[in-house]
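Here the structure comes first, spelled out in structure tokens, and everything after it is commentary.
The values are calculated or read from the model by the stated rules, or taken from the named source; none is laboratory data. Nothing here was measured: the structure is a model prediction, and the numbers come from that model. All Cβ positions, even for glycine, are placed from backbone atoms using ideal geometry, and neighbour counts span all protein chains on display.
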Amino acid sequence: MNEAREPYLLTPGPLTTSMATKTAMLRDWGSWDEDFNGLTASVCRRLLEAAHATETHVCVPLQGSGTYAVEAALATLLPWDSKTLVLTNGAYGQRMIRILKYLGRDLTALDMGDYFPPSPSQVDAMLADDPAISHVAVVHCETSSGILNPLEAIAEVVHRWDRRLFVDAMSSFGALPIDARALPFDGLASSANKCFEGVPGFSFALLRRDVLKDCADNAHSLSLDLYDQWDYMNRTGQWRFTPPTQVVAAFASALDQHGAEGGVAGRLARYTRNKAVLVEGMRAMGFHTLLDDRWLSPIIVTFHAPGHSNFNFKDFYQSIKRRGFIIYPGKLTQVESFRIGCIGQLFEEQMRGALAAVRAALDEMAIPDGAPRLEDLTKPVF
Ligand SMILES: *Cc1c(COP(=O)(O)O)cnc(C)c1O
């Protein structure tokens, strides 16, 4: 199956892109030219529209992968005397903690391990307890497990305590609804190669205009200073430093396709269908999801590794790859797992193809079913 085609990427980005997106890269652009400036402006305008943030926020793009936008947004938004409560339940929450340590900004953390979302009532108690906490940072969809955190409820608590919110919406923006009119955030970061289905090469932050105008002196780094990037772009229409021109052109095409699919709602419907087909088919083979149904996201799903003694991830991966699909290793601390993504140019047909590849891989390894080790299924009680 599919031997002639490049493999489908069932991963959380970079992901499988459409032919139209790839084709949009076959042109050279002058980085100072008005045609390219127009492309950048339209990309920023459409990203603000997707979050209903045109009235309140600005969009600042930045060269580099998603982490660059997270680090730059934190460096730009956080005053030197700020203290940030980081809500973490996986690798990307942990990464924000590392970033704050590099930045030399004070922080405290609520660490939920791998399985559970931070609860709004715990956040409420921590904010009540510590008036020095000025900011809260949260990951919307924690891609290391696929867990969907209760962003709206957390934002409500943060707002009630009059603290400022930063959201890593890397793997959710474009597919899960984010409405700045109802969700009070100062900053939100995402990147080109996730749910908008562009190619990797730049990231972006939506920053509250009223807040950003007072952030000229926060950043420790020239290249990561989003105030400077925004100010320069505002005055000239250009990026400060060499922009990834082909990537921006591909992204503009990806945004056209996002709109044609019905925007956020259309994309969410397709990813939700992908997830349903995937989870049902994997469960029929005996696999278990790491998370309870109520926390599963339509972005990526973590499965326990089969408990059978013949199983090893490397051979499983290679066997599935030979059949035309790339899956993703687990990123958990405690149990053996792997992940299968639902995002990118994937449809029900590809999800069924991936399921057939998983079945064939199990057969090849003489593993009857995907049932995990019993002891891996006991989770801490919450
Ligand atoms: C992909 C991702 C990032 C950024 O990762 P990069 O490798 O820098 O692109 C950050 N946070 C989350 C939740 C992600 O899914």
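State all residues of region 297-338 that are among the polar types (S, T, N, Q) and under 18 Å from ARG373 (Cα atoms); if no residue qualifies, say none.
Residues satisfying the conditions are THR302, SER309, ASN310, ASN312, THR333, GLN334, SER337.
Annotation note: of ARG267, ARG240, ARG208, ARG283, the sole residue that is of a type in the set (Lys, Arg) and under 16 Å from ALA75 (Cα atoms) is ARG208.
Just one residue in the set ALA125, ALA153 is small (Gly, Ala, Ser), surrounded by fewer than 23 Cβ atoms within 10 Å (Cβ to Cβ), out of contact with any Phe, Trp or Tyr (no Cβ under 8 Å at 6 or more places or on another chain) and more than 30 Å from LEU377 (Cβ to Cβ); that residue is ALA125. Out of the residues in region 106-131 that are in contact with a Ser or Thr (Cβ under 6 Å, 6 or more places away or on another chain) and of a type in the set (D, E, K, R), which is modelled with the highest pLDDT? Only one residue fits best here, namely ASP111. Taken over region 201-214, the residue count meeting the criterion of being farther than 23 Å from GLU49 by Cβ and either crowded, with 23+ Cβ neighbours inside 10 Å or under 20 Å from the mean Cα position of the chain (by Cα) (or both) is 0. In region 256-312, the qualifying residues are those that are in a helix (DSSP H, G or I), in contact with a strand residue (DSSP E or B) (Cβ under 8 Å, 6 or more places away or on another chain) and without any contact (Cβ under 8 Å) to a residue 60 or more places away in the chain, and the one that is nearest to ALA51 (Cα to Cα) is VAL279. Looking only at residues of region 183-206 that are touching a helix residue (DSSP H, G or I) at 6+ places or on another chain (Cβ under 7 Å) and charged (D, E, K, R), we find that the one that is nearest to the ligand (Cβ to nearest atom) is GLU197. Scanning region 40-83 for residues that are part of a helix (DSSP H, G or I), touching a strand residue (DSSP E or B) at 6+ places or on another chain (Cβ under 6 Å) and within 16 Å of the ligand (Cβ to nearest atom) gives GLY66, TYR68, ALA69, VAL70, ALA72, ALA73.
Looking at region 273-280, can you tell me whether even one residue there is over 20 Å from CYS141 (Cβ atoms) and assigned by TED's automatic domain parsing to the domain that holds ILE343? Yes.
Evaluated against (1) under 15 Å from GLY38 (Cα atoms); (2) outside any helix (DSSP H, G or I); (3) within 16 Å of the ligand (Cβ to nearest atom), PRO243 falls short on exactly one condition, (3).
Conditions tested, residue by residue: (1) touching a helix residue (DSSP H, G or I) at 6+ places or on another chain (Cβ under 9 Å); (2) closer than 27 Å to PRO177 by Cβ; (3) outside the structural domain of LEU291 (by TED's automatic domain parsing).
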site: MET19; (1), (2), (3): no, no, yes
site: GLY30; (1), (2), (3): yes, no, yes
site: GLY38; (1), (2), (3): no, no, yes
site: ARG45; (1), (2), (3): no, yes, yes
site: LEU48; (1), (2), (3): no, yes, yes
site: ALA72; (1), (2), (3): yes, yes, yes
site: MET96; (1), (2), (3): yes, yes, yes
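Considering only residues in region 92-119 that are crowded, with 20+ Cβ neighbours inside 10 Å and of a type in the set (Ser, Thr, Tyr), the one that is farthest from the ligand (Cβ to nearest atom) turns out to be TYR115. Note on region 1-25: among residues that are free of Cβ contacts under 8 Å to residues at least 12 places away in the same chain and in a loop (DSSP other than H, G, I, E, B), the one that is farthest from the chain's Cα centre (by Cα) is ALA4. Would you confirm, using the coordinates I've provided, whether VAL123 is without any contact (Cβ under 8 Å) to a residue 40 or more places away in the chain, within 16 Å of the ligand (Cβ to nearest atom) and of a type in the set (A, V, I, L, M)? Considered against the rule, which asks whether it is without any contact (Cβ under 8 Å) to a residue 40 or more places away in the chain, within 16 Å of the ligand (Cβ to nearest atom) and of a type in the set (A, V, I, L, M), VAL123 comes out as no.
Take the residues of region 161-182 that are among the acidic types (Asp, Glu) and surrounded by fewer than 21 Cβ atoms within 10 Å (Cβ to Cβ): which is farthest from the ligand (Cβ to nearest atom)? The residue in question is ASP162. If you filter region 193-227 down to residues that are outside any loop (DSSP other than H, G, I, E, B) and out of contact with any strand residue (DSSP E or B) (no Cβ under 8 Å at 6 or more places or on another chain), you find that the one that is nearest to GLN246 (Cα to Cα) is TYR227. If you go through region 84-135 and pick out every residue that is under 22 Å from the mean Cα position of the chain (by Cα) and assigned to a strand (DSSP E or B), you end up with 9.
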